[in-house]
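Structure record follows, encoded as structure tokens.
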Amino acid sequence: WTDLSPYGATATYNTDYNELVTNGTFSSNITGWTDGSNAVLTHDSSNKRLVVTNSNDTFANAYQQVTLEPGAEYEFKAQITAISSGAVAKVDKTPTSSQTYLSPNFSTIGSHTQRFVATQETNYIQLTAYDADNDPVVNGNYTATFDNISLKRVSNVIKLQEEPWFNRDSLGLPMNRI
């Protein structure tokens, strides 16, 4: 914890926050994840990963609801291990939208980490497989494989108290002004 107290204000920082994702390592199953529209979710038990299959030439995702504090900073981590056409891992304001994201979109194979500031309480981690070419002729099953999904709060919202009331005049202005 760090305590800041300028001008009678107080603020604290906690660096020991809990993991907000349920089953982000997929160690034994995919419990905790919900299949979005057009999605088929399977567990790659040999590699302990989540496979999202898009069976309808649109976006298909797995998602998980998380509660965040608006104004607080969070760190989102995701690993994309395989992509057959297109993939996205992100934190979004809705469970299935593709346009209201809070965190950056991770869309390449690899391990990704990014921080962002929450703007609302109810949010969704989305792991998406989609047709990157947007080809309506090809009617295939597009897959994306995910692992090591993590979301942790990294800072508090700083709420500073105003100067004590006795330092202000009857109009609420600081008494030490010229």
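Efficiency by 1/(1 + (r/R0)^6): what FRET value for Thr67 and Asp133, r their Cβ-Cβ distance, R0 = 25 Å, to the nearest 0.05?
Computed FRET efficiency for Thr67 and Asp133 comes out at 0.10.
On a straight-distance basis, which lysines could pair with Lys152 in a cross-link, Cα separation under 20 angstrom, same-chain partners fewer than 8 positions away excluded?
Correct list for Lys152: Lys77, Lys90, Lys93.
Pulled fully out, how much extra length does the chain show between Thr108 and Asn23, if you take 0.36 nm times their separation in residues and subtract their Cα-Cα distance?
28.4 nm
For Val51, Val40, Val91, give me the order by solvent-accessible area with a 1.4 Å probe, most accessible first, ignoring ligands, DNA and RNA.
The residues order as Val40, Val51, Val91, largest area first.
How much length is gained if the chain between Ser46 and Thr31 is pulled fully straight, taking 0.36 nm per residue apart and subtracting their Cα-Cα distance, in nm to one decimal?
Roughly 3.8 nm would be gained on extension.
List, in order, the whole-Hz ³J(HN,Hα) value for each residue of the range 61-72 obtained from phi through the Karplus relation with A = 6.51, B = -1.76, C = 1.60 and θ = phi - 60°; use x for Gly and Pro.
9, 9, 9, 8, 7, 9, 9, 10, 9, x, x, 8
The values are calculated or read from the model by the stated rules, or taken from the named source; none is laboratory data. Fair warning: this is a prediction, and the values are worked out from it, not measured in the lab. Note that each Cβ is placed from the backbone with ideal geometry, even for glycine, and that neighbours are counted across all protein chains shown. In case anyone asks, the SASA skips ligands and DNA or RNA and just uses the protein heavy atoms, side chains included. Shrake-Rupley method; radii C 1.70, N 1.55, O 1.52, S 1.80 Å.
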